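So the structure is just underneath, and the comments pick up after that.
The values are calculated or read from the model by the stated rules, or taken from the named source; none is laboratory data. These figures come from a predicted structure and were not determined experimentally. Cβ atoms come from the backbone with ideal geometry, glycine included; neighbour counts cover every protein chain shown. Keep in mind that these areas ignore ligands, DNA and RNA; they rest on the heavy atoms of the full protein, side chains included. Shrake-Rupley method; radii C 1.70, N 1.55, O 1.52, S 1.80 Å.
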Amino acid sequence: PFSTVGRVSTGCTGTMIGPHHVLTASHCLSSEPMTFTPSYFNGKAPFGTASVTNVIFWELVGQDSGLSNEEVAFDYAVLILDCEMGHNTGWMGVKVYSESWNNEPYWSNIGYPVSVTNNQRPVYTGSGAIWTTEDFMKNNLEG
């Protein structure tokens with residue numbers, strides 16, 4: 001549901017994946033206080049805004065100048081909110097990625113792009129394909 005997607009105060013998109021857990025990209029993290037507003041639309045916040053109290057991430061990436069292909073594999077973070085907004089918005093949950101999904105048009109994306117809506121409205125795109133950095137992962141983590 002669209003209610004699970006919202007705007008992170010750093011200008012990025014996040015998705016509710018638990019009662020007070022938001023999945024976003026680690027390149028969106030900031031040392032400044034952060035907030036999350038589900039279903040944000042042109043200044044309106046139908047579910048309110050929550051403060052981020054903690055952040056869990058594997059690695060901070062792309063903080064200076066974009067992302068390399070290798071960094072894309074680690075570009076995720078979970079924001080812990082100060083309240084359980086997910087009971088009102090719902091949440092998407094997570095699933096382990098399957099290699100059989102590579103290059104298949106299964107993917108949809110909802111985001112708050114600065115270049116299209118000035119970070120004020122969500123934009124939906126569908127039927128996308130994803131490629132992975134699987135070779136990088138095998139070569140650098142297993143050997």
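General remarks:
- Test result for Glu59, surrounded by 13 or more Cβ atoms within 10 Å (Cβ to Cβ), of a type in the set (D, E, K, R) and under 18 Å from the mean Cα position of the chain (by Cα): no
- In region 81-107, the residues that are touching a helix residue (DSSP H, G or I) at 6+ places or on another chain (Cβ under 8 Å), open to solvent by 100 Å² or more (accessible area, probe 1.4 Å) and assigned to a loop (DSSP other than H, G, I, E, B): Trp91, Met92
- Close pairs from region 13-42: first in contact (Cβ under 8 Å) with a residue 24 or more places away in the chain, partner surrounded by fewer than 19 Cβ atoms within 10 Å (Cβ to Cβ) and basic (Lys, Arg), Cβ under 7 Å, at least 6 apart: Phe41/Arg121; Asn42/Arg121
- Whichever residue in region 1-45 is polar (S, T, N, Q) and open to solvent by less than 20 Å² (accessible area, probe 1.4 Å) and, among such residues, is nearest to Leu60 (Cα to Cα): Ser26
- The residues of region 76-102 that are more than 16 Å from Val8 (Cβ to Cβ) and more than 15 Å from the chain's Cα centre (by Cα), listed by number, are Glu84, His87, Asn88, Gly90, Val96, Tyr97, Ser98, Glu99, Ser100, Trp101, Asn102.
- None of Ala50, Ala45, Ala73 is in contact (Cβ under 8 Å) with a residue 12 or more places away in the chain and either touching a Lys or Arg at 6+ places or on another chain (Cβ under 8 Å) or closer than 18 Å to Gly11 by Cβ (or both) except Ala50.
- Matching residues in region 62-80 - criterion: being at pLDDT below 80 and either closer than 23 Å to Thr125 by Cβ or open to solvent by 50 Å² or more (accessible area, probe 1.4 Å) (or both): Gly62, Gln63, Asp64, Ser65, Gly66, Leu67, Asn69, Glu70, Glu71, Val72, Ala73
- Strands (runs of 3 or more DSSP E) within region 1-74 that include 2 or more residues closer than 24 Å to Lys95 by Cβ and in contact with a helix residue (DSSP H, G or I) (Cβ under 7 Å, 6 or more places away or on another chain): 12-18
- Every residue from region 109-128 that is open to solvent by less than 70 Å² (accessible area, probe 1.4 Å) and assigned to a strand (DSSP E or B): Ile110, Gly111, Val123, Gly126, Gly128
- Only one entry of Glu99, Glu104, Glu32 meets the criterion of being in contact with a Ser or Thr (Cβ under 9 Å, 6 or more places away or on another chain) and within 28 Å of Ser127 (Cα to Cα), and that entry is Glu99.
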